[in-house]
Amino acid sequence: MSAQEAPRQRMFNVPTVTKWLLVANVAIFAVTATLPDATSDAIVGVLGFSSARYHGGFHLAALFDPITYQFLHGGIEHIAVNMLGLVAFGAGVEQRLGPWRFLAFYLVCGVIGAFAELAIDPHSTDLMIGASASISGLFGAILRFGAFRRTFWTLVAAWLVLNAVTGIAGVGSEGVPVAWVAHVGGFLAGLVLYPLLVRPAYAGK
């Protein structure tokens, strides 16, 4: 390489864990989308999160559905929005937490989101799927960055109001229900957990 040549930079510099979470979500969606509807529904029935499983006796799925529900999505728009959020927010958070802390942070935000839904509606038989609570946790972490210090509470309030409104009204022309309580749970988890896990070099930045 000549002295005047600059090293080539990758157009998209997505950190390792963020990239593999993206690949896992897209791969699982692609596989389930090709299955017969009955089979796909059966998978969601087992791996989706259901509050009702935590009442009336032991349910094996309750041991893993707070994790597995995070990797299932209901359609192209659902996964597209979540994966855009993962790439947009995940890179900066992973850089500041490191790969293993980031993975734990991401999954725990999703778990807390699920249990927030359980706390509000403990007997619901509805099945919840999607990475939205985890992505909400990433956004909560982003707001702890120093760049957002002056507008922190304004952005927190705006985000909470937006989720409450969409949760009550639904999304789209048919008013598709949104698990907004799970979003709020994941978001609050991100706000709280990020300062505890951030690497010292990035504290306060």
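The values are calculated or read from the model by the stated rules, or taken from the named source; none is laboratory data. Model, not experiment: these values are computed from the prediction. Methodologically, a virtual Cβ is constructed for each residue, glycine included, from the backbone with ideal geometry; neighbour enumeration extends over all protein chains shown.
Computed values, structure above
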read-out	value
Test result for residue 86, at pLDDT 95 or above, of a type in the set (A, V, I, L, M) and within 18 Å of residue 111 (Cα to Cα)	yes
Matching entry among 87, 23, 31 (being in contact (Cβ under 8 Å) with a residue 24 or more places away in the chain and either out of contact with any Phe, Trp or Tyr (no Cβ under 6 Å at 6 or more places or on another chain) or farther than 23 Å from residue 140 by Cα (or both))	87
The range 108-157, subset crowded, with 18+ Cβ neighbours inside 10 Å and more than 17 Å from residue 184 (Cβ to Cβ), residue modelled with the lowest pLDDT	127
Elements of type helices (runs of 4 or more DSSP H) in the range 92-199, at least 2 residues being in contact with a strand residue (DSSP E or B) (Cβ under 9 Å, 6 or more places away or on another chain)	99-120
One residue from 165, 178 being modelled with pLDDT under 95 and within 18 Å of the chain's Cα centre (by Cα)	178
Conditions (1) under 17 Å from the mean Cα position of the chain (by Cα); (2) within 22 Å of residue 90 (Cβ to Cβ): number failed by residue 48	(2)
Unmet requirement for residue 52, which otherwise passes all of (1) in contact (Cβ under 8 Å) with a residue 40 or more places away in the chain; (2) in a helix (DSSP H, G or I); (3) within 21 Å of residue 195 (Cβ to Cβ)	(3)
Any hit, the range 61-83, residues being closer than 16 Å to residue 21 by Cβ and in a loop (DSSP other than H, G, I, E, B)	yes
Extreme residue, nearest to residue 126 (Cα to Cα), among residues of the range 1-58 that are basic (Lys, Arg) and modelled with pLDDT under 90	10
